[in-house]
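> Got a structure here, written out as structure tokens. Questions coming.
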Amino acid sequence: MENFNADMEVAKVSISAIIAFIISHLGASYKYVVVLLFAMAIDTIIGWLVAKYNHDWQSSKARWGFIGKVVELMFVAMLYLLDWLFNLDSLKYIGITYFIICECASFVE
């Protein structure tokens, strides 16, 4: 099972890199972050609805979910800074695509 999880992470990063490469050449910028924020909002709403449906609302889970979202956004900000410093122009798109894929996987869960 551990190899499966590692393989899934490699697949997510690989898919993120390919999509990011295509998107960066199409000239996307802040709109990509808006898609990430939208995916985060949908994931949060779905999480709340599932917790309500299962009668399993716990403030500690909600708090850790919020902290996870904040850490993701801080990571995205760091990627923007690294892109600016090293003039890479694709690192931020790879990171944002990875987070979008993770949020979409969370929808399915």
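The values are calculated or read from the model by the stated rules, or taken from the named source; none is laboratory data. Note that the coordinates shown come from a computational prediction; the quantities given were computed from them, not determined experimentally. Positions of Cβ are backbone-derived with ideal geometry, glycine not excepted, and every protein chain shown enters the neighbour counts. Areas reflect the complete protein model, heavy atoms only, side chains present, ligands, DNA and RNA absent. Shrake-Rupley method; radii C 1.70, N 1.55, O 1.52, S 1.80 Å.
> Please go through the stretch 46-78 and pick out each residue that is open to solvent by 90 Å² or more (accessible area, probe 1.4 Å) and among the aliphatic types (A, V, I, L, M).
LEU49, MET74
> Pick out the one residue from VAL76, VAL71 that is closer than 17 Å to ALA17 by Cβ and either part of a helix (DSSP H, G or I) or at pLDDT below 80 (or both).
None of the others qualify; the one that does is VAL76.
> Quickly run through the stretch 44-64 and pick out the residues that are in contact with a Gly (Cβ under 9 Å, 6 or more places away or on another chain) and within 19 Å of VAL34 (Cα to Cα).
THR44 - this is the single residue of the stretch 44-64 that is in contact with a Gly (Cβ under 9 Å, 6 or more places away or on another chain) and within 19 Å of VAL34 (Cα to Cα).
> Taking PHE21 as the residue in question, decide whether it is at pLDDT below 85, under 14 Å from ASP89 (Cα atoms) and not in a loop (DSSP other than H, G, I, E, B).
Yes: the conditions hold for PHE21.
> If I go through the stretch 63-91 residue by residue, how many of them are over 11 Å from MET40 (Cβ atoms) and without any contact (Cβ under 8 Å) to a residue 24 or more places away in the chain?
18
> Just to be sure I understand, how many residues within the stretch 83-109 are assigned to a helix (DSSP H, G or I) and loosely packed, with under 14 Cβ neighbours inside 10 Å?
Matching residues across the stretch 83-109 total 7.
Residue-by-condition table, conditions (1) hydrophobic (A, V, I, L, M, F, W, C); (2) in contact with a Ser or Thr (Cβ under 7 Å, 6 or more places away or on another chain):
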{"residue": "TRP48", "(1), (2)": "yes, no"}
{"residue": "TYR53", "(1), (2)": "no, no"}
{"residue": "LYS61", "(1), (2)": "no, no"}
{"residue": "VAL70", "(1), (2)": "yes, no"}
{"residue": "SER90", "(1), (2)": "no, yes"}
{"residue": "GLY95", "(1), (2)": "no, no"}
